[in-house]
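Okay, structure first, notes after.
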Amino acid sequence: MDWIKTGGSSDGRPISRKVKRDRWERAGFLAVSVFFLLYLAVPILATVLFSLAGKWTDTILPQSWSLNAYSVIFTSDEFYSSLFRTIFLCVVVAVLEVAVTIPAVFAIKIGSEGLGRLIQILSVIPIALPAVVLALGSVKFYGEVLPSLLGTPALLIGVQTAFGLPFVYWTILNAFQAIDVVELYNAARTLRCGALVFIVRIILPSLKKGIVIAGVIAFASTFDNFALQQLIVGASWETFAMYQYKYFTIDGHAVSALSVIGMLIIFIMSWVAGFQSKTKGERKEEDAL
């Protein structure tokens with residue numbers, strides 16, 4: 001049997017009642033959880049094992065182990081330069097996407113919900129279009145309008161920002177749904193608070209977790225977007241994804257090692273961002289547990 005809170009008493013204290021859950025129900029919940037965990041963990045574990053394998057042919061586990069793939073990567077100057085470029089690209093794109101999306105969603109919520117429905121429809125276009133089509137279209141357009149941008153990181157940042165905006169837009173929009181922004185804004189206006197001050201002092205703190213999630217999504221979607229990076233800047237500004245692609249026909253173990261490194265970077269960044277977004281009270285509760 002499990003205890004759940006079902007209401008409150010007249011003095012404000014929660015009332016707990018027993019809800020009977022049989023063994024089959026608990027077993028079903030456990031089976032679904034284990035299946036989901038294995039679904040996520042098995043491909044990651046296989047990638048890690050292959051990156052550490054010296055020889056792996058017809059056995060379940062590697063027949064020998066080796067760190068040669070990691071040794072080759074960490075002794076390469078190209079690896080560090082490509083990683084630095086990619087992190088710079090991801091951070092700039094994430095900041096731009098969040099900075100553009102928050103005022104836009106705020107204006108839609110305060111000004112016109114009808115316009116918001118139109119934007120929601122248009123925001124699907126970058127997702128529906130393959131990245132190759134978006135990249136080639138951007139190259140064709142800017143080749144005619146502003147050819148000096150072709151092959152530059154500035155164009156890559158702009159195209160990547162446009163490509164990732166839908167993910168950030170929907171995340172920020174869901175965060176806005178959790179607060180009554182219209183009532184908050186009306187109350188702020190009665191206190192003679194301007195829109196800019198309202199966004200900085202009220203909206204940003206209220207949407208802190210949503211902003212962090214949106215930033216993580218923007219970072220992750222940019223980190224390994226090979227198609228855009230290859231077609232727009234190519235080898236002239238080699239990123240992590242293009243550096244990894246060079247090893248596809250050379251060393252599969254190095255490709256797996258680079259995949260593991262990429263996953264670790266995104267995981268660490270997500271953990272740090274999530275930790276920073278928590279309030280002091282939430283951190284104290286975790287420490288107490």
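The values are calculated or read from the model by the stated rules, or taken from the named source; none is laboratory data. The structure displayed is predicted, hence computed values, not measured ones. Please note: Cβ atoms are built from the backbone with ideal geometry, for glycine as well, and neighbour counts cover all protein chains shown. These accessible areas exclude ligands, DNA and RNA; they are computed on the full protein's heavy atoms, side chains included. Shrake-Rupley method; radii C 1.70, N 1.55, O 1.52, S 1.80 Å.
Restricted to Cα atoms, the stretch 64-211 shows a radius of gyration and a Dmax of 20.4, 71 angstrom.
Remark: accessible surface ordering of Thr239, Thr190 (largest first) is Thr190, Thr239, probe radius 1.4 Å. For Leu30 and Asp251, the difference between the fully extended length at 0.36 nm per residue and the C-alpha to C-alpha distance is 75.6 nm. Report the FRET efficiency, 1/(1 + (r/R0)^6), for Val72 and Leu40, where r is their Cβ-Cβ distance and R0 is 25 Å, rounded to 0.05. Here the calculated transfer efficiency is 0.30.
If you sort Thr222, Thr75 by accessible surface, 1.4 Å probe, largest first, the order is Thr75, Thr222.
Around the Cα centre of the chain, unit charges on the Cβ atoms of Lys, Arg, Asp and Glu (plus for the first two, minus for the last two) sum to a dipole of about 1100 debye. How big is the Rg/Rh ratio for the stretch 164-273, C-alpha atoms only, Rh by Kirkwood, two decimals? Checking Rg against Rh, the ratio lands at 1.18. Take every pair of alpha-carbon atoms less than 8 Å apart whose residues are at least six positions apart; their mean separation over the length of the chain yields a relative contact order of 23 percent. Determine the share of the chain's accessible area contributed by carbon and sulfur atoms, expressed in whole percent, with a 1.4 angstrom probe. C and S fraction of accessible area: 68 percent. Length gained on full extension, Trp65 to Ile127: 18.3 nm, using 0.36 nm per residue less the C-alpha separation. Normalised by the number of residues in the stretch 40-134, the mean separation of alpha-carbon contacts (under 8 Å, six or more apart) gives a relative contact order of 11 percent. Determine the distance separating the Cα centre of the stretch 45-99 from the Cα centre of the stretch 124-182; give it in Å without decimals. If you average the Cα positions of each part, the centres end up 27 Å apart. Accessible area per residue for the chain is 62 Å², calculated with a 1.4 Å probe on protein heavy atoms, without ligands, DNA or RNA.
Long hydrophobic helices in the chain, taken as whole DSSP H segments with a C-alpha length of 30 Å or more on their own axis and mean Kyte-Doolittle hydropathy at least 0.0: 23-52, 77-111, 153-177, 252-277. Taking 37 °C and 0.692 mPa s as the conditions, I'd like the Stokes-Einstein D for the stretch 190-235 in µm²/s, using the Kirkwood hydrodynamic radius from alpha carbon pairs. Estimated diffusion coefficient is 246 µm²/s.
Coordinate range of the alpha-carbon atoms in the stretch 40-97 per principal axis, descending: 48, 30, 11 Å.
Solvent-free Debye calculation, one equal scatterer per alpha-carbon of the chain: log10 I(q)/I(0) at 0.09, 0.10, 0.15 Å⁻¹ equals -0.66, -0.79, -1.26. Counting heavy atoms of the protein chains alone, Phe88 has an accessible area of about 100 Å² for a 1.4 Å probe. Split the chain at each of the trypsin sites (Lys or Arg not before Pro) in a DSSP loop with at most 10 other beta carbon atoms within 10 Å, and the longest piece is 21-191.
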